[in-house]
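Step one of this worksheet: look at the structure below.
What follows is calculated from the coordinates using simple rules that are stated; it is not laboratory data. These figures come from a predicted structure and were not determined experimentally. Here Cβ is always computed from backbone atoms with ideal geometry, including for glycine, and neighbour counts include all displayed protein chains.
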Amino acid sequence: MAGKKQLAITERQFAVLELLWEHGPQTVREVLDRLPDGDDLPYTTVLGLLQGMEKAGLVAHGSEQPAHRYRPTVTRVEATGTLLGDFVQRFFRGSAERLILGLVDARQLSADELRAIEEKLVHPAPPPTPRRKK
């Protein structure tokens, strides 16, 4: 995909994105309260995480007062595709076939799941519509 910016997303960033996709825009405190390990994290750590994600183009915030509300700037499909693509590239030399065969060999993929994958290949979802820049 020439010209498309490659995203790099950590596990914790993906967890934050999942919260934003599920619950909509949130403050730092709301993210902190919903993160699975949020009880063990200082407020400033989550603030720094969101600020870093904003610099990376993963989230943006509005200027609501008294606290900023962060929202995702990437879709679940974009982020998941990036993570999966990176995983397949690094661990399966870019071969999705090797990944699927490895799952079958390790008995991690049932016949029903394989049929569902085949159905998705025969009848793929339409590509996402490009978002307009603001």
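For the chain, the fraction of alpha-carbon pairs lying more than 17 Å apart is 68 percent, rounded to a whole number.
Note on the chain: helix-only mean residue ellipticity at 222 nm, from DSSP H runs of 4+ residues weighted -39500 (n - 2.57) and normalised by residue number, equals -16500 deg cm²/dmol.
For the pair residue 67 and residue 21, the difference between a 0.36 nm per residue extended length and the Cα-Cα distance amounts to 14.6 nm.
Each peptide in 18-26, 115-123, 46-54 was scored by the mean count of other Cβ atoms within 10 Å over its residues; highest first, the order is 46-54, 18-26, 115-123.
Computed about the Cα centre, the dipole magnitude for the chain is approximately 800 debye when only Lys and Arg (+1) and Asp and Glu (-1) carry charge, each at its Cβ. Between 0 and 90 degrees, the angle of helix 11-23 with respect to the longest Cα principal axis of the chain falls at about 80 degrees. For the chain, the longest principal axis of the alpha carbon atoms and the long axis of helix 76-91 meet at an angle near 60°. For residue 59, the residues whose amide H sits under 5 Å from its own are 54, 73, ignoring neighbours fewer than 5 places away on the same chain, with H placed 1.01 Å from N. Specify which residue in the list 45, 10, 75 is farthest towards the positive end of the charge dipole of the chain, using unit charges on the beta carbon of Lys, Arg (+1) and Asp, Glu (-1), about the Cα centre. Checking the options against the dipole of the chain, the answer is 75.
With the convex hull of its Cα atoms as the shape, the stretch 11-72 has an orientation-averaged projected area of 3.8 nm².
Using the Cβ-Cβ distance between residue 33 and residue 60 with R0 = 25 Å, the FRET efficiency computed as 1/(1 + (r/R0)^6) comes to roughly 0.75. On C-alpha positions alone, give me the angle between the axis of helix 111-122 and the longest principal axis of the chain, in degrees, nearest 10. Taking the Cα atoms of the chain, the angle to 111-122 is about 80 degrees. Charged side chains reduced to their Cβ positions (Lys and Arg at +1, Asp and Glu at -1) give the stretch 11-72 a dipole of some 280 debye around its Cα centre.
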